[in-house]
Amino acid sequence: MPATSPNPIVETLKNRRQQLAQLISFPVILWSGKPSSRNFPHNTFPFRPSSHFLYFAGLPVEDAAIRLDSGKLELFMDDPNPESTLWHGVMPTRAQIAEAIGADAAFPKQELASRATGAATIMVQDSATRAEQYMVRNMVRHSVQPKCSAPLPRTDDRYDDRYKEIDLQLAQAIATVRLTHDQIALSQLMSAAACTMQAHLAGMMATPRAKTEAMVRAAMEGVLIANNMQCAYNSIVTVHGEVLHNQVYHHPLQPGDLLLVDLGAETASGWAADVTRTWPVSGKFSPTQRDIYDIVLAAHDACIAYARPGVEYQDIHLLACRVIAEGLVNLGILKGQPEDLVEMDAHALFFPHGIGHLLGLDVHDMEDLGDIAGYETGRVRSDRFGLCFLRLNRPLRAGMLVTIEPGFYQVPAILNQPENRNKYKDVVNWEYLAKFADVRGIRIEDDVLITDGRSETLTADLPTNPHIIEQIIQG
């Protein structure tokens with residue numbers, strides 16, 4: 001009989017586990033999580049497993065856990081209840097799931113506690129699973145089966161300290177493994193990027209016929225659904241681009257408005273894209289809108305050109321700050337030398353957020369770990385107005401996927417703050433700035449893969465050139 005060809009997905013999953021095993025010397029238990037109810041138990045939000053579980057298990061299995069030890073994987077889940085077939089159809093068994101992910105052994109969920117001694121974990125988001133995580137650890141501590149489902153009180157400080165230390169070590173190890181992407185991940189990320197670009201083009205073409213933001217959103221998210229994908233995050237489709245995470249869609253589209261659209265697809269296996277474009281509702285940028293758009297685009301292009309292995313991501317952010325400051329000086333909005341304006345954070349009046357973030361299984365990849373993934377060991381967030389929102393502060397490495405997303409915003413809470421008005425009174429031409437009232441917010445964002453050579457923009461086929469964008473909208 002011919003030899004069976006290895007399954008590339010299973011081989012990749014095993015390789016990920018081996019990488020983790022080289023960084024830690026203790027077992028690990030990762031929970032997938034459970035669906036959360038909206039208002040009554042059987043009306044749930046769409047299930048999304050823990051990304052850490054998904055990275056090492058590969059399948060979005062509900063109410064399961066995996067134990068990793070020395071590169072081996074044990075699966076803990078219950079077989080489907082036969083009665084559930086009526087509602088959900090025939091579901092795969094524990095043995096079938098174990099084979100699909102290359103598990104070394106598989107057990108019922110109730111046996112997990114007997115294998116939990118000394119195991120580190122990452123806490124999940126849903127409250128039911130989090131309570132289960134605490135309960136399993138307390139069962140290990142007390143070596144008894146509790147009679148209640150609620151977590152037992154912790155009374156042993158040494159127990160808490162021991163798990164706190166190995167949980168931190170686990171978080172650091174997972175961040176190290178997940179910082180760069182293997183070929184299976186990159187294939188998924190490229191699929192998410194391709195679908196996202198298609199959705200943005202659909203949004204541009206739908207704009208002339210749309211009466212509200214919601215209608216453009218519907219055209220775009222419909223593309224994701226048609227490709228069996230979902231939104232990687234709540235879409236931003238807004239004429240109020242000065243509200244950075246605007247998630248309301250009822251505003252009418254008026255001639256002269258700019259529509260800022262931040263929408264990304266997530267594949268069925270959980271990999272995300274994150275793209276922003278800004279376009280004129282009428283199909284033509286006004287002169288003031290075009291002036292600001294060109295500045296943001298210049299920062300976007302300069303940062304992508306600069307991105308390569310060994311470059312500090314903070315330096316990419318500061319490059320965007322200087323390009324934006326220089327553009328605003330040339331336009332007459334800011335006064336002074338660009339370097340000096342950045343040093344005093346004057347640019348942050350209009351560009352208050354960071355240049356981007358890690359991208360992978362989460363749109364802000366691994367931010368459930370705090371700054372462990374985003375910040376190089378030993379670095380902490382700055383308290384500077386122009387740096388405090390920087391999500392990524394470490395040298396770039398080949399295999400990392402990051403976003404580059406400079407912007408310009410007129411946020412009333414920032415620009416009208418008396419302290420800012422006084423501090424920057426000599427470097428902002430407030431009277432001239434008023435001529436740009438039709439520019440509430442502009443952001444241009446792409447997904448950039450760091451390679452051994454020049455960086456590769458996975459979303460480069462979606463135009464940023466303002467002339468091409470106008471042509472698409474005008475049809």
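Here are a few things to note about the model shown:
- Any chance A64 is out of contact with any Asp or Glu (no Cβ under 9 Å at 6 or more places or on another chain) and surrounded by 15 or more Cβ atoms within 10 Å (Cβ to Cβ): no
- Test: residue in segment 77-98 that is touching a residue at least 40 places away in the same chain (Cβ under 8 Å) and in contact with a Pro (Cβ under 8 Å, 6 or more places away or on another chain): no
- For segment 219-241, a residue qualifies if it is aliphatic (A, V, I, L, M), part of a loop (DSSP other than H, G, I, E, B) and within 15 Å of T207 (Cβ to Cβ), and exactly one does: V239.
- Any hit, segment 223-234, residues being open to solvent by less than 40 Å² (accessible area, probe 1.4 Å) and over 27 Å from R178 (Cα atoms): yes
- Top-ranked residue of segment 258-268 - restricted to ones that are open to solvent by less than 30 Å² (accessible area, probe 1.4 Å) and in a loop (DSSP other than H, G, I, E, B), ranked as nearest to I355 (Cα to Cα): G264
- Subset of segment 418-452 that is open to solvent by 50 Å² or more (accessible area, probe 1.4 Å) and within 27 Å of the chain's Cα centre (by Cα) - its residue that is modelled with the lowest pLDDT: D452
- Of residues in segment 190-222 being under 28 Å from F436 (Cα atoms) and touching a residue at least 60 places away in the same chain (Cβ under 8 Å), the one most open to solvent (accessible area, probe 1.4 Å): M205
- Selection within segment 453-475: residues that are over 15 Å from I304 (Cα atoms) and of a type in the set (V, I, T). The member of this set that is most open to solvent (accessible area, probe 1.4 Å) is I468.
- Flag for L23 being open to solvent by 50 Å² or more (accessible area, probe 1.4 Å) and in contact (Cβ under 8 Å) with a residue 24 or more places away in the chain: yes
- When segment 356-403 is filtered for residues that are surrounded by fewer than 17 Cβ atoms within 10 Å (Cβ to Cβ), hydroxyl-bearing (S, T, Y) and free of Cβ contacts under 8 Å to residues at least 60 places away in the same chain, only S382 remains.
Yes or no, residue by residue, for (1) under 25 Å from V216 (Cα atoms); (2) hydrophobic (A, V, I, L, M, F, W, C):
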{"site": "A232", "(1), (2)": "yes, yes"}
{"site": "S235", "(1), (2)": "yes, no"}
{"site": "A265", "(1), (2)": "yes, yes"}
{"site": "A272", "(1), (2)": "yes, yes"}
{"site": "P280", "(1), (2)": "yes, no"}
{"site": "D301", "(1), (2)": "no, no"}
{"site": "Y306", "(1), (2)": "no, no"}
{"site": "H317", "(1), (2)": "no, no"}
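- No other residue among A325, A302 is buried (at least 23 other Cβ atoms within 10 Å of the Cβ) and modelled with pLDDT of 95 or more apart from A325.
- Test for T180: is it β-branched (V, I, T), in contact with a Leu (Cβ under 9 Å, 6 or more places away or on another chain) and not in a helix (DSSP H, G or I): yes
- Scoring G399 on the criteria (1) under 28 Å from the mean Cα position of the chain (by Cα); (2) at negative phi leaves a single failure, condition (2).
The values are calculated or read from the model by the stated rules, or taken from the named source; none is laboratory data. Remember, predicted model here, so these are calculated numbers, not experimental data. Using ideal geometry, Cβ is built from the backbone for each residue, glycine included, and neighbour counts are taken over all protein chains shown. Ligands, DNA and RNA are stripped out before the accessible areas are found, and what is left, the full protein with its side chains, is counted by its heavy atoms. Shrake-Rupley method; radii C 1.70, N 1.55, O 1.52, S 1.80 Å.
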